[in-house]
Every structure is written in structure tokens, then in C-alpha cells.
Amino acid sequence: MPHTLNIVSSVLSSTARRWRGTTGSKSVQQPAQLPILFDCEDDPECRLVREALTELNLDVLIYPCPQKANRFTSLLTDMAGGQATVPYLVDPNTHVKLMGADAINAYLFQHYRQAATPKPLQASVTNLVTSRLASVVRLNLRGLVAKPSLVPEQPLVLYSFESSPYSRPVREKLCALQLPYKLVNLGKQQWADMGPAKFRFHRGEYHPLPNTKRAKLLAEKGRVQVPFLIDANKSIELFESKDILRYLDETYAQ
Ligand SMILES: N[C@@H](CCC(=O)N[C@@H](CS)C(=O)NCC(=O)O)C(=O)O
């Protein structure tokens, strides 16, 4: 698919979900250990969980499980102690293991924000329909199917936020190639964060909120823009969705 069409349909996808997964909490703190999410990018329930993770400003380790996946299915069965389906969350901080968007989001909101799941993130019929629609407009009628790929020694790292139209194609690629990755959620925390990286809606110099992941990224890399990929296996760091997609294909697809 041409890149522009890819981004346009990704905008439609975010619009179908009314741009949930755009803002990030200013108060939730990342726990000591990284929670694990077995996830399929185009699965309606998985999307609701990832929206919640952005809004709670939580980072997770993603084990992608697209259709016909084989790389993480036995790990999922082992961790779940039997057959399980995505979304499946393992939180090593509390030893909690949960399956399904409603159970996972209720836990995440209760444990990390002492709040109930907001209605738009509950697995209601309406939300599951709009989440399904968000996949349909990606024009991939077969859905995300596993593609043969090399196994990286270490998980990759992707800076993203759920509704980011430029980040979605990268997450889909990581999913289809079954590449494990640390998902660093960079939800927007103030008006100055809004808009694309090159022409933010806010006038003047950009200052992220102090002591945030955004401030750290700016200090370390000189800009705040997603998607941003780090592949420690190859000592590669890349901004620009098109470059990242090409890199992943050239490096890992078989
Ligand atoms: N040309 C870049 C555009 C990236 C971009 O503008 N991303 C937006 C999010 S979709 C962004 O980083 N916005 C600034 C922010 O969130 O702080 C690409 O293709 O990756």
C-alpha cells in the first residue's frame, strides 16, 4: 500500500475510535517491572487495552500474536496455565494474570489509577463495533497474519501512542513479523504536545512537561516524535514511519 494511503487509512482508523488513546496520564507512575501484553494489533479487544495503556501512561512488553502465529503461543499457554486468547496481560508487579479487555482494563484502572474503566474503554457492543471498524478501514480484509521472520535476540523498543496514525503501521508490521517490543507510550499530556511533530498546534518553542518520558526523549534525542524505534540488536535508532517500515522488512522479514 502506498505510504500516504497507509497514513490516511490510519487516520480513519483513529477517527473510528474517536481518537481514544491520544492523551496520557500525568499522575500514573510506571511500576518497577514491565507488564506483559500478548496482543494482536487489529483485534478489537486488544485495541481497547492499548488505548487504556496510553491513557494510563503505562509501558508494556508486547508479545505479538497475529493470526497463524506460532512464536509466542506456547509461552502464552505456559503463562496462562492452559489455552488462552489475546488480549492477555501478565503483571509481574502484582502476579495478576488476566484475559479479555474488560477484565484487563478494570484491573489497570483500579490498580494504577484507583478508578473505574471509562465507558469508552469498556468492551461494550458499541466499542467493539467501532474498534472492529477501526481495523476494517485499514483495508486489510484478511486481517493481520503472521509472516515468516527472523527472531531478534532482544525485544525492540517502540515509542508510540495508540491513536498515532504514523505509529499504527509500524505496530502492525511488528505484529505481523511477531517481533517482541517494549511499547513506550507517549500520550499527549498538555496542549503544547498536540499536533504532528513538525507543526504543533502550539506556537513557539516546544517544552514537554518536566520529568516525563517526553522530556527525557527530547533531552536524549533532540526531538519528540513518534514512531521512534530502537533496535539494540543492530544498534539502530530510527524516526520516520516509512524508514522504520522499510528497516523492519529488510532486517527481519524472510
Ligand atoms: N513524518 C513522520 C511524522 C511523525 C509525526 O508527526 N508523528 C506525530 C504523532 S502521529 C507526532 O510525533 N506528534 C508530536 C507529538 O506527539 O508530540 C513519520 O512519518 O513518522
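The values are calculated or read from the model by the stated rules, or taken from the named source; none is laboratory data. Just so you know, these numbers come straight off a predicted model, no measurement behind them. Every residue, glycine as well, gets a Cβ built from its backbone with ideal geometry; the counts of neighbours run over all protein chains shown.
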Quiz prompt | Of all residues making up the stretch 1-22, the number that are surrounded by 17 or more Cβ atoms within 10 Å (Cβ to Cβ) and farther than 21 Å from Thr54 by Cα | solution = 1
Quiz item: How about the stretch 68-104: which of its residues are modelled with pLDDT of 95 or more, among the hydrophobic types (A, V, I, L, M, F, W, C) and within 24 Å of Arg142 (Cβ to Cβ)?
Solution: Phe72, Leu76, Ala84, Val86, Ala101
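This table checks each residue for (1) closer than 27 Å to Val28 by Cα; (2) surrounded by fewer than 17 Cβ atoms within 10 Å (Cβ to Cβ); (3) of a type in the set (Gly, Ala, Ser).
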residue	(1), (2), (3)
Cys65	no, no, no
Ser74	no, yes, yes
Gly81	no, yes, yes
Leu89	yes, no, no
Quiz item: Taking into account only those residues within the stretch 217-232 that are away from the ligand (no atom under 12 Å from the Cβ) and surrounded by 16 or more Cβ atoms within 10 Å (Cβ to Cβ), which is farthest from the chain's Cα centre (by Cα)?
Solution: Asp231
Self-check item: All positions within the stretch 234-252 that are under 18 Å from the mean Cα position of the chain (by Cα) and within 12 Å of the ligand (Cβ to nearest atom)
Solution: Leu238, Phe239, Glu240, Ser241, Lys242, Ile244, Leu245
Exercise. Look at the stretch 90-109 and say how many of its residues are touching a Leu at 6+ places or on another chain (Cβ under 8 Å) and outside any strand (DSSP E or B).
Key: 7
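Select, from Pro165, Pro169, the only residue that is more than 20 Å from Asp231 (Cα to Cα), within 16 Å of the ligand (Cβ to nearest atom) and under 14 Å from the mean Cα position of the chain (by Cα).
Pro165
Return a yes/no flag: does the stretch 197-212 have any residue that is part of a helix (DSSP H, G or I), away from the ligand (no atom under 13 Å from the Cβ) and not polar (S, T, N, Q).
If we filter the stretch 197-212 for residues that are part of a helix (DSSP H, G or I), which is where we start, we get none.
No, that holds for no residue.
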Quiz item: Of the residues in the stretch 174-196, how many are touching a strand residue (DSSP E or B) at 6+ places or on another chain (Cβ under 9 Å), within 13 Å of the ligand (Cβ to nearest atom) and in a helix (DSSP H, G or I)?
Solution: 1
